[in-house]
1. Give the carbon-plus-sulfur fraction of the accessible surface of the range 132-227 in %, rounded to a whole number; probe 1.4 Å, heavy atoms of protein chains only.
2. For a test of the definition: using alpha carbon positions, the gyration tensor, and the 1.5 limit on a/c, classify the range 234-328 as rounded, prolate or oblate.
3. Using 0.36 nm times the number of residues separating ASP113 and SER38, minus their current alpha carbon distance, what extension gain do you get?
4. Restricting the count to DSSP beta bridges whose residues both fall in the chain, what percent are antiparallel, rounded to a multiple of 5?
5. Can you tell me how the chain classifies by the Cα gyration tensor, rounded, prolate or oblate, using a/c under 1.5 as the rounded cut?
6. Go ahead and run the numbers for FRET between ALA241 and LYS266, Cβ-Cβ distance against an R0 of 35 Å, rounding to 0.05.
7. Using modelled backbone amide H atoms (1.01 Å from N, in-plane), which distant-in-sequence or interchain residues come within less than 5 Å of ARG312's amide H?
8. Give me the mean projected area, in nm² to one decimal, of the convex hull enclosing the Cα positions of the range 114-160.
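The values are calculated or read from the model by the stated rules, or taken from the named source; none is laboratory data. If you're wondering where the values come from, they're calculated on a predicted model, not measured in any experiment. Neighbour counts run over all protein chains shown; Cβ positions are idealised from the backbone, glycine included. Ligands, DNA and RNA are excluded from the accessible area calculation, which covers all protein heavy atoms including side chains. Shrake-Rupley method; radii C 1.70, N 1.55, O 1.52, S 1.80 Å.
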Amino acid sequence: MQQLLVRPENMKRIDTPALAQAYIDEQVAAIREQVGDSKVLLALSGGVDSSVVAALLIRAIGDKLVAVHVNHGLLRKGEPEQVIEVFRNQMHANLIYVDAVDRFLDKLAGVSDPETKRKIIGKEFIEVFAEEARKLTGIKFLAQGTIWPDILESEAGIKAHHNAGGLPKDLSFELVEPVRILFKDEVRMVGKTLGLPDSMVYRQPFPGPGLGVRCVGAITRDRLEAVRESDAILREEFAAAGLQGKVWQYFTVVPDMKSTGIRDGKRTDDWMVIIRAVNSVDAVTASIEEVPYALLLKIRDRIFKEVKGVNRVLYDLSSKPLATIEYE
Ligand code: XMP
């Protein structure tokens, strides 16, 4: 069977586990037919799309899938560990974990321009992934988590989608794109039916450059830790308050700016943590979530107690427009 490249006009929305199971069975057969005995390479970020593609390929071809997880140091707290736990320990995937944290942070040191930061992260990612690919033999295929909105946006000229594409010329693979014709909600339904954890399947949007765009300005390791730790506290407290899955996107930001404070009777110069929580349908516009005041105070107290180098917590009241969702 050939992989379906275009979503049929009359395709029923996959909104039940039974429909998801039928899709999985169809794709497992299609993947086996397409790749035969060859190995398939996948850049597994741990995001929804690449995770669902990994789970589908593991179901279809087991350890002939070689999944590469690059830790660029800009992931949220616990994410690399979750990728290893779910894919290596539970699904027995052939997973290569690459600790590239120093490499990325060294390249980013002193770089404050947002677009330059994004370019460095994108370029370095391709380089690390290509290096891993060159160490392997017998790979003929590259799996990608392209989804139907990516195709529509590319066609409309809104976004150029590369996913793990953009690889050097000597690395040319045939593509395997088993969720290409699905909408995001369908990808989630397929992922859930494949047994992926809810925390992976229903995760809030997270930018490719990760915490790098929330550590505003030139990234330093200590300020990046402040972003990561405060983000973890925010996510924990939102989950405990029942807001996980209800609020579209929420995170913390630590700008490259200090202000005066006082701790143990002494003057301090420390950072500020900005809390942002927004609701949106398509990320084109966004309104702010009216987070209960008591919850904000609880989050503030935990940030002051648990996050080093912070003396101020702020709540961002800006909708989009005029502000964008991310800070850079
Ligand atoms: P903005 O900040 O433009 O964000 O209002 C809209 C949505 O896109 C996400 N975002 C990104 N996603 N790479 C991504 O993959 C990026 O560089 C990037 N910048 C923003 C953002 O988190 C929000 O959901």
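1. On the way: 2330 of 4240 Å².
Carbon with sulfur: 55 percent of the solvent-accessible area.
2. Details: a/c = 2.82, a/b = 1.58, b/c = 1.79.
It comes out oblate by the Cα gyration axes.
3. Numbers: separation 75, 0.36 × 75 = 27.00 nm, distance 4.22 nm.
Additional length available on full extension: 22.8 nm.
4. Details: 14 of 36 bridges.
The antiparallel fraction comes to roughly 40 percent.
5. Numbers: a/c = 2.04, a/b = 1.61, b/c = 1.27.
Note, shape of the chain comes out prolate.
6. Values: r = 34 Å, r/R0 = 0.98.
Efficiency for this residue pair is about 0.55.
7. Those lying under 5 Å, H to H, from ARG312 are VAL273.
8. Values: hull surface 18.5 nm².
Mean projected area of the Cα convex hull: 4.6 nm².
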